[in-house]
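One structure is given below, encoded as structure tokens.
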Amino acid sequence: MTEDMSIESYLAQGGVLSNPHNVPSRYRAELLKLMTSFVDSELAGAAGFADIINLGPGIKSRIAAARIVLEKTDHADKVLKIMAEFGVDAERYAAHHPWTARLDREAAIGTQRHEQDMRLAVFNYPLTTWADAVVMNLLMGRAVGVQLLDFQTLSYQPLAEAFRAIAPVETRHAELAEEGLVALIAETDAAELQASVDYWWPRVAASFGTADASRIDALKAMGLRRSSPDEMRTRWEAEAKAVLTQIGLNAR
């Protein structure tokens, strides 16, 4: 960055930052919001999946589920360490909210979040059976994969590097869910699996948020967003539909 170039211009031209002390105030606020949402979602997702481990049909499936819980918690920790550089108390953070808390299965909350809990709304809904958990993990795993494509190119370099390390592990989570669903389709009533797809599809779709053109443009200028919510949702729909069709299920 040249001496006569503002940080805003530098970012708009594709520049990257690496020091928490040099970021503009609005950039800092948006970056912390992004990190908080990711950490809260990983912790809530891990907590919800932990409750379902012992419903796994065999040892291998339970080991896979336990590994997912461990790795999602580790991903939250990776990002929490970066948040700590911005003054967040990482040691106390994980205990500040009951991550296992869930709303009623039919609660209509849209994309609503709580001020003390920035998890994506989809993680407020409970898992009911092993099959239901596998379906949710497949659909949300694909959504996370799409979102991480954007996150890996963030202008805050330490976070982008963390997401590049996280991405292949999250991809494997989605692959495990696909393998699990293939096994289930051979021994489970297809109508039960389809009911779970119909339930989770709109809730996962809502996790991409809504498009506020001016805000998206501002995030793009800061290097904190590359694609719009609609673009990411469309990409996810195509990928998830292709996987479901191959397995023998239908997108909602």
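The values are calculated or read from the model by the stated rules, or taken from the named source; none is laboratory data. The structure displayed is predicted, hence computed values, not measured ones. Reconstructed Cβ throughout: ideal geometry from the backbone, glycine too, with neighbour counts over all protein chains shown. Protein only, heavy atoms only, side chains kept; ligands, DNA and RNA dropped before computing areas. Shrake-Rupley method; radii C 1.70, N 1.55, O 1.52, S 1.80 Å.
Taking the Cα centre of the chain as origin and charging only Cβ (+1 Lys, Arg; -1 Asp, Glu), how large is the dipole, in debye to the nearest 20? Numbers along the way, then the final one.
Values: 26 positive and 34 negative charges, 9 e Å.
Once rounded to the nearest 20, the dipole reads 40 debye.
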Report the accessible area of VAL69, computed with a 1.4 Å probe over the heavy atoms of all protein chains in place, in Å² rounded to the nearest 10. 30 Å²
Given the whole protein assembly as supplied and a 1.4 Å probe, what does the accessible area of LYS81 come to in Å², nearest 10? 130 Å²
Provide the solvent-accessible area of LEU17, counting protein heavy atoms only and rolling a 1.4 Å probe, rounded to the nearest 10 Å². 20 Å²
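Leaving out ligands and nucleic acids, and using a 1.4 Å probe, what accessible area per residue does the chain come to in Å²?
Details: 12180 Å² over 252 residues.
On a per-residue basis, the chain sits at 48 Å².
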If amide H atoms are built 1.01 Å from N in the plane of the peptide, which residues on other chains or at least 5 residues away come under 5 Å of the amide H of ALA107? none
If you find the alpha carbon centre of the stretch 225-252 and of the stretch 138-201, how far apart are they in angstrom? 11 Å
Dipole size in debye (nearest 20) for the stretch 166-248 around its Cα centre, Lys and Arg Cβ +1, Asp and Glu Cβ -1? 560 debye
Output needed: percent of Cα pairs per 10 Å distance bin for the stretch 19-63, bins running from 0 to the one holding the longest distance. 24, 28, 21, 15, 12, 1
Which of THR36, THR73, THR210 fluctuates most in a GNM of the chain (C-alpha springs under 10 Å)? That residue is THR210
Per-residue ³J(HN,Hα) for the stretch 242-251, Karplus 6.51 cos²θ - 1.76 cosθ + 1.60, θ = phi - 60°, Hz, x for Gly and Pro: 4, 5, 4, 4, 5, 7, x, 10, 10, 5
Would you mind telling me the share, in percent, of accessible area of the stretch 1-134 contributed by carbon and sulfur at probe 1.4 angstrom? 53 percent
From the cross-link list LYS78/LYS241; LYS33/LYS81; LYS33/LYS220, the entries with a Cα-Cα span beyond 20 Å are LYS78/LYS241
